[in-house]
Amino acid sequence: MSNRRKQDIPTYYDLPALNTPHWDWRVSAYIFAAGLGGGTQLLAALGELLPRREGQSISRKGRYISLLSALVSAPLLIWDLKTPRRWYNMMRIFRITSPMSFGSYLLTGFGAFSAMTALGQWTADRGSRLGDRLARLAQWPATLFGAGMSCYTGALLSATSNPLWAAAPRLLAARLAASALATGAATLSLGETLSGRRRNSSRLEGIAALATSASLFLSLWSSRLYRRKGVHEAMEEQDIAAREKAALLVGHGVPLACYALARLSGRRSDTLSIIASLSTIAGGYMTRDAMLKGGLRSSRRPRDYFYIAGRGRD
Amino acid sequence: MTNHPRAQGESRSILAGPFDAEAETTAGVRIEPGKNYGFFTDTTLCIGCKACEVACKEWNALPSEEGKLSGHSYDNTGGLGAHTWRHVAFVEKSGPEGVRAPEQQPYQSSWLMMSDVCKHCSPAPCLEACPTGALFRTEFDTVVVQQDICNGCGYCVPACPFGVIDVSADDGKAHKCTLCYDRLRAGQEPACAKACPTDSIQFGEVEELEQRASDRVDGLHRQGVENAYLYGARGSPGATGGLERLNAFFLLTDDPEVYNLPLRPSRPASRAAPSLAAGLATAAGLMAAAAFLFTRGHDHE
Ligand code: SF4
């Protein structure tokens, strides 16, 4: 009875029914850096599975890059606050219902354990056995926090009243996790190529290709779901659609084409590998920026909200 | 402070001082910590005078809006925000093709006015989203932002299902209706309810207001206003999807969307766990696949 065709839902002078947060590129960059750091920390853990020297090369880079991204994401998050000098109030309470709250603790834990793995690695590289043990011990919690960092931002966006972000909570986090592993693997693969470890680079490319394909599949799936839930029109507004298309092309199309080309030619090409990596990384940011901007637009469209809040089919 | 010339000779109040429990006189309510207070806004009584908007601005010393004419009937405010905690909506309905229908329904059904406000939801999505504890539930079961704690992360803004709370560009903190927390503590009725000349805004204990409101709906139904219903009271539209009730609720006579309200809002926090779980599962699945790729790689060597 309450179902209604979207265009038949009344609005109040087409004014937005929701307020729009002030979030800008800094939030996109934070979500990107958090995912990349989480992804590299996960892969650092997998280094254990490889023959010692090769595995260590991946773990080493993974640990350093994770720490670096934690060091980049924390200031981004603080810089985005409207009263940044009070950033430490985030640590005043712990609130399980708020991904912004538990995310702050995820970031803190991730930063602390990444620092430990990186410190252990750094001393191990200078011959300390103790350092190696510290790095491997801290790797366990760092990996768990890394997994959280790779995708909790999906919960952050979907635990809102925003029509677009709230329409597909599971898919949103899954997309972010897949993209986090893709960008992490691409970054490490780039590092291995540049340091001449081609076999490692190719291994990481395999993971990047897998994660990028998963991410592509999940993106297409969520587009369908958005359409079914009637919130897709925000993503179809011209500028947002352009961002989304560019993100698909740069983040998924180009790298997958590069991998396919290298496969077909039967030879490894450093150039193709580097292009694929850089493209995956750039696309990872663009994907998140399109998600963020699409959501901001969606909150200004009252019918999208009214449709998902009671007038749609589900 | 010196008195205005016209007030010379009138400088002393005839009252001995402030009332102890003023709300008992003005609203018939004794305000005590531990009880639940809220608003019942009966839109069939609203005459669109905006006394509530003005009283709210004055009492809370909120910055004024930029003076612009919106062209949306008599509503030049637009909506609730950091500096607007009461907002009167105006809906002019005409007959087909913009021509006024010759037969009008009773009780303002062709000109709707509604004074919107923070719903002081239970549970409150803004509060559940707040990472600093700046937003808290008071001893009067209302939801208030502590200005000395908010750091302007803005997460409460998309959390609110009703477009109420917003971060002010002036001071970088989130603001919204406090249900006149300061007045309640002084035993006074909130400014908007006290200023409302028609009792369209009624302040009181939520349970009692809900009773009064359902009686009012029955009365209106008997008088032929069949489309009257409650929005936000327990079990009615607005109190849906994990929002048990809105402490500030409404009597409406048209679809909620006409007043810029969603039919079935939901509690955003309930989406966090499924989202996180799906993300972690995806990461775990891809990790397993990656581990397979890694080990396969060196078994072949
Ligand atoms: S209406 Fe919005 S601002 Fe008011 S209590 Fe509910 S969620 Fe918070």
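The values are calculated or read from the model by the stated rules, or taken from the named source; none is laboratory data. Note that the coordinates shown come from a computational prediction; the quantities given were computed from them, not determined experimentally. Cβ coordinates were reconstructed from backbone atoms using ideal geometry, including for glycine residues, and neighbour counts include every protein chain displayed. Accessible surface areas use protein heavy atoms only, side chains included; no ligands, DNA or RNA. Shrake-Rupley method; radii C 1.70, N 1.55, O 1.52, S 1.80 Å.
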- line: For the stretch A:187-271, listing trypsin sites (Lys or Arg not before Pro) in a DSSP loop whose Cβ sees at most 15 other Cβ atoms within 10 Å gives A:ARG267, A:ARG268
task: On the protein heavy atoms, probe 1.4 angstrom, tell me the percent of accessible surface of the protein assembly as shown carried by carbon and sulfur.
output: 58
field: Candidate lysines for bridging to A:LYS82, where Cα separation is under 24 Å - those fewer than 8 sequence places away on the same chain excluded
entry: A:LYS293, B:LYS57, B:LYS173, B:LYS176
- prompt: By a straight-distance test (C-alpha under 20 Å), which aspartates and glutamates pair with A:LYS245 as possible cross-link partners, with residues fewer than eight away in the same chain excluded?
  reply: A:ASP24, A:GLU233, A:GLU236, A:GLU237, A:ASP289
- request: Find the Rg to Rh ratio for chain B, where Rh is the Kirkwood radius over alpha-carbon pairs and Rg uses the same atoms.
  value: 1.11
- request: About the Cα centre of chain B, how large is the charge dipole given +1 on each Lys and Arg Cβ and -1 on each Asp and Glu Cβ? Please answer in debye to the nearest 20.
  value: 160
message: How far apart, in nanometres, would the label points at A:GLN7 and A:ARG92 be if each is projected 7 angstrom from Cα along the Cα-to-Cβ direction?
response: 4.9
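Before anything else, pin down the relative contact order of the stretch A:24-159: Cα pairs under 8 Å, at least 6 apart, normalised by residue count, whole percent. Present the calculation step by step, with values, prior to reporting the outcome.
On the way: 177 pairs, mean separation 42.3, N = 136.
In percent, rounded to a whole number, it is 31.
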field: Span-like helix ranges in chain A, DSSP H, alpha carbon extent 24 angstrom or more, Kyte mean at least 1.6
entry: none
query: Which value, in debye to the nearest 20, gives the size of the charge dipole of the stretch A:147-295 about its Cα centre, when Lys and Arg are +1 and Asp and Glu are -1 at the Cβ?
result: 500
query: In debye to the nearest 20, how big a dipole does the stretch B:37-142 give about its Cα centre with +1 on each Lys and Arg Cβ and -1 on each Asp and Glu Cβ?
result: 60
field: Partner aspartates and glutamates for B:LYS93 [C-alpha distance under 18 Å; skip if fewer than 8 residues away on the same chain]
entry: A:ASP8, A:ASP14, B:ASP75, B:GLU103, B:GLU226, B:ASP254, B:ASP255, B:GLU257
- line: For the stretch B:75-82, Karplus-derived ³J(HN,Hα) couplings (6.51, -1.76, 1.60; θ = phi - 60°; whole Hz; x for glycine and proline) come out as 8, 9, 8, x, x, 7, x, 4
query: Does chain A classify as rounded, prolate or oblate by the C-alpha gyration tensor (a ≥ b ≥ c root eigenvalues; a/c under 1.5 gives rounded; else a/b over b/c gives prolate, otherwise oblate)?
result: oblate
message: Rounded, prolate or oblate for the protein assembly as shown? Axes are the square roots of the Cα gyration tensor eigenvalues, ordered a ≥ b ≥ c, and the cut-off for rounded is a/c under 1.5.
response: prolate
- prompt: Projected onto the charge dipole of the protein assembly as shown (+1 at Lys/Arg Cβ, -1 at Asp/Glu Cβ, origin at the Cα centre), which of B:ALA61, A:ALA159, A:GLY39 gives the Cα projection farthest towards the positive end?
  reply: A:GLY39
message: For chain B, set up a GNM with springs between Cα atoms under 10 Å and report which of B:CYS153, B:CYS177, B:CYS46 has the largest fluctuation.
response: B:CYS153
- request: Please arrange B:LEU15, B:LEU80 by accessible surface area, largest first, computed with a 1.4 Å probe and ligands excluded.
  value: B:LEU15, B:LEU80
task: DSSP loop (so not H, G, I, E, B), at most 16 other Cβ within 10 Å: list which trypsin sites (Lys or Arg not before Pro) in the stretch B:45-83 pass both filters.
output: B:LYS68
- prompt: Between the DSSP loop rule and a limit of at most 14 other Cβ atoms within 10 Å, which chymotrypsin sites (Phe, Trp or Tyr not before Pro) in the stretch A:44-143 are left?
  reply: A:PHE94
